[in-house]
Structure formats: structure tokens, C-alpha cells
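The values are calculated or read from the model by the stated rules, or taken from the named source; none is laboratory data. Every value quoted in this text rests on a predicted model; they were computed, and no experiment measured them. So basically every Cβ, Gly included, is an ideal-geometry build from the backbone, and we count neighbours across all protein chains shown. With ligands, DNA and RNA removed, areas are computed over all heavy atoms of the protein, side chains included. Shrake-Rupley method; radii C 1.70, N 1.55, O 1.52, S 1.80 Å.
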There are 2 protein chains.
Amino acid sequence: MVFLVRTDLQMGKGKVASQVAHASILLYKAALNSKNPFLDCWLKWGQPKIVLRSDSELELSETYKAAVKKQLNVCRVYDSGKTQISSGSLTVVGIGPNKSEDIDKITGKFKLL
Amino acid sequence: MVFLVRTDLQMGKGKVASQVAHASILLYKAALNSKNPFLDCWLKWGQPKIVLRSDSELELSETYKAAVKKQLNVCRVYDSGKTQISSGSLTVVGIGPNKSEDIDKITGKFKLL
């Protein structure tokens, strides 16, 4: 799983962690429901998770669309706005589990958070 | 779900996020497998997640033991040590979904990360 996190919202560590955890459960649920063929292997390999950063909502949206187009397992997280940031802000795009190279084609340009 | 994260390891934002996401999936899997009666309600309420901090591995271990004793849904995350910190370090204890007051009794003394 790869997570692209917005840095322009200046979320704290706890906020980022909760948003990424949210994404991970959305992806996991969707993977279970769709019988994603990469899920078992991903679990056996210790559930690898990579967290990347972008300072642009547009980049997150474009990444999401590109992942949908490639038929990857993908999700968006919008904050409920109870703390720190405005309600409805797109905070994280999560992708996977899928083939590493398929995810890399879309997210390879982003740096680690 | 409540997550207690070690701050003395000085993990970066991305590292903390991946460790908490790891815990969230462990808890979610365990909740599914045990037919945890709080799971559906927690999902309907938008999967609330609270991230707390402690600078002590001992506090994490004690929190884990206390949650086991109360028969809460609980997990420990140990880092694989590929990046940033030593292999086998206890990084996060996750609890829930359970009754809020039951979790609060154990984690109420910790501050938000």
C-alpha cells in the first residue's frame, strides 16, 4: 500500500497517522470485498506501507484518477473537520495492494513524507 | 480505536503513520475474526481514531497488558527495522473498537500526539 499525504494542510503527526490509518482500512475492506489477488501476499510480506507527500490537492486528485484508470485498488480520505483542518478536505489518497510496478508508475515521482 | 505511539524513538511523520496504519489493520482483522460487536457501530460512526503519545516502552507494555486483562481488542506493532529505528522495537499499541469508557480507563492519562 502506498499513501499520498497532503503537506499543505500542515497536519500534525497524530492527524496524519489517523488519516493514513483510515485509508488503510478503506483499502483493506475494498480488497477483501473484491477478492483482490494481491491481498494474501501483501499480508504475508508484513503489510508493507509507504507514505509519500505532496503539497497539492490537485496532485492527489490526479493520482486518484490515474489509479482508477489503471483499475488499482484506490481510496480517498476526506477529513470530517472536527479538528485542525476544514471539513471535507481531501487529506490522503491510498493505493494498493497491487503490483509494485503498477503503483510506482503513478506514485514514483513523489518523495517520502 | 485508540493508538499509543512511542515518542522516544523519534519516528518521522511517515513512519508513525505507517505504524499506526499497521495497528489499525491488525485490530480490524482481529475484530472481523472475533465478530467484535462494536465493529459495525464504529464503522458507521466514521471509524474514529485517536492517536496518543508516550515516551516509554514500559508504558506501552503496561497499557497492552491492561487491555488484555480487560479483554479489549488490542495489538502491538513491532518495527521490522528496515528504516529509521532498531529492528524489533515496540512502536505502537492499538486498542478497539470497544466501549469508549473501557478504553478511556486505560488510555485516559495519555496526551494527544
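Observations on the structure shown:
- Considering only A:Ala17, A:Ala30, A:Ala67, the Gaussian network model of chain A with Cα springs below 10 Å gives its largest mean-square fluctuation to A:Ala17.
- Pairs from the list A:Lys35/B:Lys44; B:Lys49/B:Lys111; A:Lys15/A:Lys69 with a Cα-Cα gap above 25 Å: A:Lys15/A:Lys69.
- Antiparallel DSSP beta bridges within the protein assembly as shown, percent to nearest 5: 70
- Placing a label point 7 Å from Cα along the Cα-to-Cβ direction at A:Pro48 gives distances to the equivalent points in the other copies of 3.6 nm, listed shortest first.
- For peptide B:21-31, the mean count of partner chain Cβ atoms within 10 Å of a residue's Cβ comes to 5.
- Largest-first principal axis extents, alpha carbons of chain B, Å: 37, 25, 21
- Per residue, the stretch A:2-107 exposes 50 Å² of accessible surface when a 1.4 Å probe is rolled over the protein heavy atoms with every protein chain present.
- Cα long-axis angle, helix B:57-69 against chain B (0 to 90 degrees, to the nearest 10): 20
- Charge dipole (the stretch B:2-107, unit charges on Cβ, about Cα centre) - positive-most of B:Pro97, B:Phe3, B:Thr63: B:Pro97
- Inter-chain Cβ neighbour count for A:50-62, averaged per residue, equals 1 (cutoff 10 Å, partner chain atoms only).
- Sites matching trypsin sites (Lys or Arg not before Pro) across the stretch B:1-73 that sit in DSSP coil, with at most 11 neighbouring C-beta atoms within 10 Å: B:Lys35
- Within the stretch B:12-54, backbone nitrogen closer than 18 Å to the virtual label 7 Å beyond the Cα of A:Tyr78 toward Cβ: B:44-48
- Apportionment of accessible area to carbon and sulfur, chain A, percent (1.4 Å): 49
- Within 10 Å of the Cβ of each residue in A:8-17, the mean number of Cβ atoms contributed by other protein chains is 6.
- Label-to-label distance for B:Lys44 and A:Lys44 is 3.8 nm, based on points extended 7 Å past Cα in the beta-carbon direction.
- Mean residue ellipticity at 222 nm, helices only, chain B: -13000 deg cm²/dmol; runs of at least 4 DSSP H residues each add -39,500 (n - 2.57), and the sum is divided by the number of residues.
- Interface A-B: total buried accessible area of about 2000 Å², 1.4 Å probe, protein heavy atoms only.
- Distant alpha-carbon pairs in the protein assembly as shown (separation over 23 angstrom), percent: 44
- Rounded to 5, percent antiparallel among DSSP beta bridges of chain A: 70
- Set of the stretch A:3-25 residues, backbone N closer than 19 Å to the point 7 Å along the Cα-Cβ line of A:Glu62: A:3-9
- Sites listed here are chymotrypsin sites (Phe, Trp or Tyr not before Pro) in the stretch B:43-81 whose DSSP assignment is loop and whose Cβ has at most 14 other Cβ atoms within 10 Å: B:Trp45.
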